[in-house]
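What follows is a set of notes on a single structure, which appears directly below.
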Amino acid sequence: MRAFAHAARRQDIAARGLARRASTMSAVHRLDSDSPVASMEELMSFCRSRAIILESSGVYGGAATTYDFGPVGAQLKKNIVDMWWRDFVENRDDVAPLDTGVILNPAVWRGSGHVEEFTDPLTQCETCKRRFRADKLLEEADGGAEHWDGKTLEEMGAALVALGVACPSCGAKAEAGLGTPRPFNLLFETSIGPVQDGSSTAFLRPETAQGALVQGPLVLSLTRARLPAGLAQVGKSFRNEIAVGQSLFRTREFEQAEIQVFCEPESSGDLLQQWVEDCNTWLVDRLGLTPSRIRRRVHEESELAHYALATTDIEFNYPFGWGELWGIANRGKYDLLRHEAASGQDMRFRDPRDGGRTAFHPFVVEPALGVGRLVLAVLSDCLVTEAAPAAAKGKKQAPGRLVLRVPDEIAPSRAAVLPIMNKDGMPERAAEIAAALRRMGAGGVQVDTSGSIGKRYRRQDEVGTPLCVTVDYTTLEDGTVTVRCRDTMRQARLSVADIEDAIGPRGLTRDKLQGVFATVVR
Ligand SMILES: [Zn+2]
């Protein structure tokens, strides 16, 4: 059961992954005085209060755990995806972009096996009529001792009784309440065209992968690709999950960033290891996630999805515990053989360099990343409370400072321009400076005029803005501004030209910032 999806991770599984390569160039340096946000409630309440992440259709009571991203969240998500795209697609010579449909020919999902087999074991309580995922209830009941997603429905039904599992909602015992699980298909159905009958039934894609798998051999031959060759895409997928939760971690509508890497069968094992390495390094060196919150977990034989020869998950320690962030699977030639059998078409890769005489079914190694999970990981790792310096004797201890320590490259705003007074031409001058910075290609430069300067600094710290540029009376006289760094809170008096120099087309870089600061601040 739950044959296709990666099984959700228990929180108590011991780390069994390979030793993580020590990072030498972490993108963000957190301070000893930083403490990360402690709980999901705290994190989501902060995100709601700044309109970073909002419950979808909130005025109508929400929409089946779909979340919307407000201005800061939408830009943060886009910046993260853009960085992934640059690093894994544009800056590699073995990955090419692809963009396939959400609604494919329904035959794709029959061919892939999703129509028949993409199911979760659903058990219904006879007493209160609520429905649950049987494997989840069993996992909780036995503390993760067994891999229930590999068991039959009958085995799960018997175990519900044997382990004395009670209905989580009304407390009815399994004998009296929770029935033998039945398969529940996770595909979202829709219909094509004006007539709704069996022949018009179609499905929203439950994964982006199949679009790439059915087109892969053709695309790679036509583009004269040399294996290993990856096809990457980002897009929404849909699964009618029985159990959702932990905000962005498991939602019915979700965004995937996936690469299907087609390769020669013999090289697939090494290739999987290499991709695990690349993905792990990226999380630490580029995204700046704390290394101790990342681990690798190699799937045991009994929990492998039926299409996978091997899978390694990169897990993250979310506020609710360890969970999958990036799954790297070796799908072998499973999907291509299924589509070949179902479609009757030759799904082999034909090497264009010898006129297609070399033809074989490539293996597919698939690094699959959930974008929502990545955003959740970044927010929970980068949002920290920095303790204030210890108060002098007899003085009251100041509260800590909330800072979103994201790398500059993914910061929702690269800079904010703050006129110190809302008069005497300062707002106008601030607007001019902001416009100049935007013309430089800085992007996301805001002017913030409301509240005291201290409050505005704090507000920008909370949404990760690396630089605040303050306009005051001296600015009007000599064109210099005060620049304040988010992380160190150091300030420097600089000319506007210096700032423009520090904010390049790809945003402000830490090197440039430090260069500018080094010349002015000791
Ligand atoms: Zn019940």
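The values are calculated or read from the model by the stated rules, or taken from the named source; none is laboratory data. Every value quoted in this text rests on a predicted model; they were computed, and no experiment measured them. Don't worry about glycine lacking a Cβ; one is built from the backbone with ideal geometry, like all the others, and counts go over all protein chains shown. Ligands, DNA and RNA are excluded from the accessible area calculation, which covers all protein heavy atoms including side chains. Shrake-Rupley method; radii C 1.70, N 1.55, O 1.52, S 1.80 Å.
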Test: Val365 is closer than 22 Å to Arg30 by Cβ and crowded, with 23+ Cβ neighbours inside 10 Å:
no
Expected output for the range 199-226 (first residue without any contact (Cβ under 8 Å) to a residue 24 or more places away in the chain, partner part of a loop (DSSP other than H, G, I, E, B), Cβ below 6 Å, 6+ apart or cross-chain) is Ser200/Ile192; Ser200/Gly193
Here is a list: Ile453, Ile420. Which entry is of a type in the set (A, V, I, L, M), in contact with a Leu (Cβ under 7 Å, 6 or more places away or on another chain) and over 26 Å from Asn79 (Cβ atoms)?
Ile453
Working carefully through the options Leu218, Leu186, Leu204, find the one that is open to solvent by 50 Å² or more (accessible area, probe 1.4 Å), among the hydrophobic types (A, V, I, L, M, F, W, C) and more than 14 Å from the ligand (Cβ to nearest atom).
Leu218
Enumerate the pairs (first residue in the range 253-267 and more than 16 Å from Pro206 (Cα to Cα); second residue anywhere and polar (S, T, N, Q) and surrounded by 22 or more Cβ atoms within 10 Å (Cβ to Cβ)) with beta-carbon separation below 9 Å, excluding pairs fewer than 6 apart on the same chain, so at least 6 apart or on different chains.
Val261/Ser268
Counted residues, the range 76-101 - those being crowded, with 20+ Cβ neighbours inside 10 Å and not hydrophobic (A, V, I, L, M, F, W, C)
2
In the list Ala377, Ala436, Ala431, which residue meets the criterion of being touching a residue at least 24 places away in the same chain (Cβ under 8 Å), of a type in the set (A, V, I, L, M), farther than 29 Å from Gln256 by Cα and not in a loop (DSSP other than H, G, I, E, B)?
Ala436
Search result, residues across the range 382-419 that are farther than 17 Å from Thr488 by Cα and surrounded by 19 or more Cβ atoms within 10 Å (Cβ to Cβ)
Glu409, Ile410, Pro412, Ser413, Val417, Leu418, Pro419
Strands (runs of 3 or more DSSP E) enclosed by the range 286-335 - at least 3 residues per element that are more than 25 Å from Gly245 (Cβ to Cβ)
321-332
Out of Ala141, Ala134, Ala162, sole residue that is aliphatic (A, V, I, L, M), open to solvent by 20 Å² or more (accessible area, probe 1.4 Å) and under 34 Å from the mean Cα position of the chain (by Cα):
Ala141
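Filter the range 166-177 for residues that are closer than 29 Å to Phe254 by Cβ and open to solvent by 10 Å² or more (accessible area, probe 1.4 Å); which is nearest to the ligand (Cβ to nearest atom)?
Among residues in the range 166-177 that are closer than 29 Å to Phe254 by Cβ and open to solvent by 10 Å² or more (accessible area, probe 1.4 Å), the one nearest to the ligand (Cβ to nearest atom) is Ser169.
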Identify, by number, the condition in (1) closer than 24 Å to Ala225 by Cα; (2) open to solvent by 30 Å² or more (accessible area, probe 1.4 Å) that Glu55 doesn't meet.
(1)
